[in-house]
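Each reported figure results from applying straightforward, stated rules to the coordinates on display, with no laboratory input. It should be emphasised that the depicted structure is a prediction, and the values quoted were computed from it without experimental measurement. So basically every Cβ, Gly included, is an ideal-geometry build from the backbone, and we count neighbours across all protein chains shown.
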Amino acid sequence: MKKILSLSVLGFFAVTLAVHPGLGQTAQDILKKMVEAQGGKKVFESIQDMTFSGTLEMIQQGMTGALAVYKKEPDKRRVDIDFQGFVVTQAFDGEAAWGTNLQTFATEVFSGEEAASLKRDSMPLVASLDPEKYGISYLYKGREKIDNKDYFVLEASYADGFKATFFIDPETYLPHKTKTKAGLPMSGEAEIEQIDSDYKKVGEMTIAHSTITYANGQEYMKIVISNVSFNTGLSESLFKMK
């Protein structure tokens, strides 16, 4: 396995939702309120690029690194993690996925699940405003209790067959938890849960600044975001493999 994990630190920006028959709370209602809670249509459309920085801790390995995430609309994304001078990179340049092979430490083009995952992570922010174009559908599954609180449950199906389940806070309409399956280095496929918290408003956008990822019920990775910037004119060359 070449990747650490799919590093989705931008939170969950919802896309097209289907209504579950017989349920009073429609998926479309949730979508509308989620978009507004995270900034709204005008804010989404105004963002041309984003940069996040902070720390990433690989809990089971006892490793902590400096994290930088770059996103350029509509379809480019790069993640760099600096573990005391050794930099791990994952990127999608709009056409190809590439990065650091964790077994050989070489920089190479990715294929298969690795490439599909990085491409999904690179979807534009405005995908939530024009969902059908990106081949994503959601099913509202009702509510589920977590720590004595009910959350809206949305089941996502992507065009490439990937599935994820999202748990949305009914008070704030911000994402709380995401459940997926993913491959881990040297371990194979695992049940992944991502908990987003410490939401803060940066400019006009509300963003989770803390994410803890669990693999098969065990703490695996923690991300803490310390700085966010928008529209700094990121270069296209940043996303190209060298």
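Out of T172, T55, T64, any idea which swings most in a Gaussian network model of the chain, alpha carbons joined below 10 Å?
Greatest mean-square fluctuation among the candidates belongs to T172.
Just tell me which aspartates and glutamates come within less than 14 Å, Cα to Cα, of K42; anything on the same chain fewer than 8 places away is out.
Answer for K42, where 14 Å is the Cα cut-off: D130, E204, listed by chain and number.
Relative to the longest principal Cα axis of the chain, at what angle does helix 112-121 sit, 0 to 90 degrees, rounded to 10?
The angle comes out at about 60 degrees.
How high is the FRET efficiency from N231 to D29, r the C-beta distance, R0 22 Å, rounded to 0.05? Don't jump to the answer; show the numbers that get you there.
On the way: r = 31 Å, r/R0 = 1.39.
After rounding to 0.05, the efficiency reads 0.10.
Helix 27-38 versus the longest principal axis of the chain: what angle, 0 to 90°, nearest 10, using Cα atoms?
For helix 27-38, the angle is close to 50 degrees.
Mind ranking 161-167, 233-239 by how tightly packed they are, going by the mean number of other C-beta atoms within 10 angstrom, highest first? Present the calculation step by step, with values, prior to reporting the outcome.
Values: 161-167: 17.0, 233-239: 13.0.
For the peptides 161-167, 233-239, the packing ranking is 161-167, 233-239.
What is the distance in Å between the Cα centres of region 199-214 and region 49-124?
19 Å
When the Karplus curve 6.51 cos²θ - 1.76 cosθ + 1.60 is applied with θ = phi - 60°, which whole-Hz ³J(HN,Hα) does each residue of region 67-77 get, with x for Gly and Pro?
Residue by residue, region 67-77 yields 10, 9, 10, 10, 10, 10, 5, x, 8, 10, 7 Hz.
With θ taken as phi - 60° and the coefficients 6.51, -1.76 and 1.60, list the Karplus ³J(HN,Hα) couplings across region 83-99 in order, rounded to whole Hz; mark glycine and proline as x.
Taking θ as phi minus 60°, the curve returns 8, 6, x, 9, 9, 9, 10, 10, 8, 9, 9, x, 10, 10, 9, 8, x Hz for region 83-99.
Once you have the Cα-Cα distance between A159 and K42, take 0.36 nm times their residue separation minus that, and quote the gain in nm to one decimal.
So the extension gain works out to 39.5 nm.
Given the pairs K119/K200; K76/K240; K71/K179; K76/K200, which span a C-alpha to C-alpha distance of over 18 angstrom in this model?
K119/K200; K71/K179; K76/K200
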